[in-house]
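Encoded as structure tokens, the structure appears first; notes follow it.
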């Protein structure tokens, strides 16, 4: 178990939501690079594999019937339908990783985060914010690659997500990348210090004084 | 307001408890040095000033009657009687500092922490642990300055505090000082990202979209 933390700490759930244009992917990459403790969860989908995609690697490709059966058995901690296809994360493999001391990061939209909260209510729910709406507009239009319509859609989505910011445990404002990353990393490191991740210490405390 | 954070963030309450021999003072000094955002709260006491102590600097020196009157008006967020003298922290000045964006750190015993929880229930309650009881015994005896009786008393106190570790939000095990400080700092930095400290962002979110 190469990824098992030598302190026998359990893994933590980090849920990260952000409107497009807040640097979410960059921050997540930085954290994954700094901490090799993250496990990778392979989602289930009913869409067909594309190109080089392999079953069990990019996704677990399943039939609509299988997906619906899994869903009715409550096996997903979150699922969504996008363009007629189902996507979902099975709870059991995530719980297995957490038990092995691997952290699990969900990069997901607010609706998905709300579903995850019901299963992983002790997870750390993080919302990344742009410094202002003006700045968000600037970032979205500044890419120069998107059509006006696509930008308008992203902005409307962003507005919808910003309206749900109160749901989250932590707000990180990505004005300066280094500061935002310092805070993101701090939420992760602080999360590791929660007693519920340390059954080994609980055990030590139970026997405290009996060894002296 | 030199100490006011330019982001208009409110201050946070950090409560730090630790058995003697866990490096609490060192860690607190390091944090105060790194972050000039901490305010200093001057406690009230009924004991007489000693040496160079000045009223309002080391302590607010008050009569027993004044202390008891303040206590009965509920003005203290924590108080204790030690060797026949009363000691207490007034809530109002702490709340004033928090409103000004100054963080407030309480270096206190578990009984004091439990009192603080009732007033500052949104604070971050941190417990520092030694890596093991054997190591704690080693550290307490290793000082070489204390009598056997004093060591036994410290150890008994430590045992009593360890039994209450479950009360806290965060456990930081001080095995390696650098790691412990990284975690301590992380709890502080993560604490700053809690939405309740950002009424300025709340305000911005209320008007979100109206400026575009």
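Every condition in (1) at the interface with chain A (Cβ under 8 Å from one of its Cβ atoms); (2) in contact (Cβ under 8 Å) with a residue 12 or more places away in the chain is met by residue B:158 except one, and the failing one is (1).
Kindly check whether there is at least one residue in the stretch A:179-192 that is in a loop (DSSP other than H, G, I, E, B) and facing chain B (nearest Cβ under 7 Å). No, the stretch A:179-192 contains no residue that is in a loop (DSSP other than H, G, I, E, B) and facing chain B (nearest Cβ under 7 Å).
Just wondering, is there one or more residues in the stretch B:162-174 that are part of a helix (DSSP H, G or I), modelled with pLDDT of 90 or more and touching a strand residue (DSSP E or B) at 6+ places or on another chain (Cβ under 6 Å)? Yes, the stretch B:162-174 contains at least one residue that is part of a helix (DSSP H, G or I), modelled with pLDDT of 90 or more and touching a strand residue (DSSP E or B) at 6+ places or on another chain (Cβ under 6 Å). Does residue B:12 fit the bill of being modelled with pLDDT of 95 or more and closer than 30 Å to residue B:204 by Cα? Considered against the rule, which asks whether it is modelled with pLDDT of 95 or more and closer than 30 Å to residue B:204 by Cα, residue B:12 comes out as yes. The residue that is farthest from residue B:110 (Cα to Cα), among those in the stretch B:193-212 that are in a loop (DSSP other than H, G, I, E, B) and within 7 Å of chain A (Cβ to nearest Cβ), is B:212.
Looking at the stretch B:9-23, is at least one residue without any contact (Cβ under 8 Å) to a residue 60 or more places away in the chain, touching a strand residue (DSSP E or B) at 6+ places or on another chain (Cβ under 8 Å) and crowded, with 19+ Cβ neighbours inside 10 Å? Break it down stepwise before answering.
First pass over the stretch B:9-23, keeping only residues without any contact (Cβ under 8 Å) to a residue 60 or more places away in the chain: none.
No.
For residue B:122, indicate whether it is in a helix (DSSP H, G or I) and surrounded by fewer than 20 Cβ atoms within 10 Å (Cβ to Cβ). For residue B:122, the condition - in a helix (DSSP H, G or I) and surrounded by fewer than 20 Cβ atoms within 10 Å (Cβ to Cβ) - is not met.
Every test in (1) out of contact with any helix residue (DSSP H, G or I) (no Cβ under 7 Å at 6 or more places or on another chain); (2) assigned to a helix (DSSP H, G or I); (3) away from every other protein chain (no Cβ under 11 Å); (4) at pLDDT 95 or above is passed by residue A:149 save one, and that test is (4).
A residue that is in contact (Cβ under 8 Å) with a residue 24 or more places away in the chain, within 17 Å of the chain's Cα centre (by Cα) and closer than 30 Å to residue A:137 by Cβ occurs nowhere in the stretch A:39-53. Does any residue of the stretch B:68-83 turn out to be outside any strand (DSSP E or B), exposed (fewer than 15 other Cβ atoms within 10 Å of the Cβ) and touching a strand residue (DSSP E or B) at 6+ places or on another chain (Cβ under 7 Å)? Yes, the stretch B:68-83 contains a residue that is outside any strand (DSSP E or B), exposed (fewer than 15 other Cβ atoms within 10 Å of the Cβ) and touching a strand residue (DSSP E or B) at 6+ places or on another chain (Cβ under 7 Å). If you filter the stretch A:137-146 down to residues that are in contact with a helix residue (DSSP H, G or I) (Cβ under 9 Å, 6 or more places away or on another chain) and outside any loop (DSSP other than H, G, I, E, B), you find that the one that is farthest from residue B:191 (Cα to Cα) is A:141.
Consider residue B:134 carefully, then state whether it is surrounded by fewer than 14 Cβ atoms within 10 Å (Cβ to Cβ), away from chain A (no Cβ under 14 Å), over 22 Å from the mean Cα position of the chain (by Cα) and part of a helix (DSSP H, G or I).
Judged against the criteria, residue B:134 is not a match.
Within the stretch A:98-117, the residues that satisfy the criterion of being outside any strand (DSSP E or B) and either under 14 Å from the mean Cα position of the chain (by Cα) or buried (at least 21 other Cβ atoms within 10 Å of the Cβ) (or both) are A:98, A:102, A:108, A:109, A:110, A:111, A:112, A:113, A:114, A:115, A:116, A:117.
The values are calculated or read from the model by the stated rules, or taken from the named source; none is laboratory data. The structure displayed is predicted, hence computed values, not measured ones. Glycine gets a Cβ as well: all are built from the backbone with ideal geometry, and neighbour counts include every protein chain shown.
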